[in-house]
1. Answer rounded, prolate or oblate for the chain, using the Cα gyration tensor with square roots of eigenvalues a ≥ b ≥ c: rounded when a/c is under 1.5, else prolate when a/b is larger than b/c, else oblate.
2. Specify the residue with the greatest mean-square fluctuation among 13, 244, 73, computed from a Gaussian network of the chain linking alpha-carbon atoms under 10 Å apart.
3. Sort the following peptides by mean Cβ neighbour count (other Cβ atoms within 10 Å, averaged over residues), highest first: 269-276, 127-134.
4. Lys/Arg Cβ at +1, Asp/Glu Cβ at -1, dipole of the chain taken about the Cα centre: which of 120, 56, 104 is farthest positive-ward?
5. Looking at the square roots a ≥ b ≥ c of the eigenvalues of the Cα gyration tensor of region 136-279, which shape do they give, rounded for a/c under 1.5, prolate if a/b is larger than b/c, or oblate?
6. Compute the relative contact order of the chain as a whole-number percentage, counting only Cα pairs closer than 8 Å that sit 6 or more residues apart in sequence.
7. Enumerate the aspartates and glutamates that residue 141 could reach by cross-link, defined here as Cα to Cα under 12 Å, with residues fewer than 8 away along the same chain left out.
8. Pull up all non-local amide H partners of residue 262: gap of 5 or more, or a different chain, and H-to-H distance under 5 Å with H placed in the peptide plane.
Amino acid sequence: MGRLRSNARRLLLEAGVIREEFTATQLSQLQAVGKELMAAREDQGKALDFYVAAAPSAQVAVDVFAGEWTSLLPEELGVTSGHSPLFSDERIQHMIDWYGEAIVGSKVLELGPLEGAHTYMLDRAGADVFAIEANGRSFLKCLVVKELLCLQRARFALGDFMAYLRENTERYDLILVSGVLYHMMDPLELLTLVSRASDRLMFWTHYYDEKRLTQSPTAHKFQAPPEPVQFEDTTYLLHPRDYLEATNWAGFGGGPETRARWMEREDILNCLERLGFHDIEVSHEEPDHMNGPSMMLLARR
Ligand SMILES: C[S@@+](CC[C@H](N)C(=O)[O-])C[C@H]1O[C@@H](n2cnc3c(N)ncnc32)[C@H](O)[C@@H]1O
């Protein structure tokens with residue numbers, strides 16, 4: 001630090017900026033001003049980075065989030081996006097068929113729409129969807145999708161769906177709980193909250209199965225011991241799973257904390273039964289899914 005100061009002093013004297021020796025305090029003040037000037041210079045022109053020189057197109061809009069898309073956007077848009085075929089998701093088609101013709105005009109709550117793929121399918125099927133997304137970048141991607149695909153019946157809201165559900169008094173014909181239960185720190189609370197707001201629930205979720213998970217590429221994320229949680233008169237074991245490096249990607253689509261707690265398969269089914277869902281169809285089960293065992297549930301009261 002001393003050498004830095006004397007170098008600065010020498011340079012300032014040589015450049016004729018100062019004619020006499022500065023005190024240490026004055027030099028510190030000068031250094032602080034210098035740092036601020038450097039920072040201001042780095043920030044200069046940042047706003048210009050957000051301008052687009054190309055003529056408007058779907059690709060230009062998609063590229064606001066270049067490299068951050070998970071979903072393969074519909075072919076009609078002719079754009080390069082992600083790879084996962086969520087806009088033509090067989091599981092959602094199955095759910096729409098299960099619901100039947102009454103899907104037209106039905107009031108659907110969707111939790112965690114990510115990029116609006118399932119919202120798009122429901123919109124095209126005629127449902128009125130209210131979709132709540134906590135990740136600001138995902139929310140904006142949903143709005144890009146809404147604009148490009150002219151979604152007429154869907155509304156997206158930015159916020160935490162748990163906070164919404166805790167205060168909610170609305171009833172929904174159907175709640176889509178796809179890809180979110182295993183991102184919760186308190187999945188039991190989510191089950192309770194959605195069961196209060198609808199008599200029909202759709203889940204797609206991973207679940208904890210020790211035997212399967214020890215073989216899976218995701219095994220190293222389950223380092224912490226299981227945590228017992230009381231629900232009514234039963235104790236369930238929740239299994240912490242750390243996101244680790246996954247949160248480094250700007251397109252990350254997990255929960256808002258650094259970890260989540262997974263439930264076991266039978267506990268999910270048992271809990272739904274207790275909440276009054278006696279008619280549960282299990283389908284699309286993949287015990288060897290690369291990210292951990294998974295299944296789809298269509299639950300009805
Ligand atoms: C794995 S993605 C699932 C996307 C889609 N529902 C599907 O099944 O393909 C989870 C999504 O839920 C969102 N999410 C997670 N926790 C949330 C919360 N508490 N409130 C709102 N959105 C949340 C994430 O940001 C992400 O977009």
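No value in this document is a laboratory result; all are computed from the given coordinates. All of these numbers come straight from a predicted model, not from anything done at the bench. Using ideal geometry, Cβ is built from the backbone for each residue, glycine included, and neighbour counts are taken over all protein chains shown.
1. On the way: a/c = 2.77, a/b = 1.81, b/c = 1.53.
Cα axes put the chain in the prolate bin.
2. Comparing 13, 244, 73 in the GNM, the peak value goes to 13.
3. Working: 269-276: 16.2, 127-134: 22.4.
The most tightly packed comes first, giving 127-134, 269-276.
4. 56
5. Verdict is oblate for region 136-279.
6. On the way: 483 pairs, mean separation 40.0, N = 301.
Averaging sequence separation for qualifying contacts and normalising by length gives 13 percent for the chain.
7. In chain and number order, the partners are 63, 68, 115, 133.
8. 239, 241
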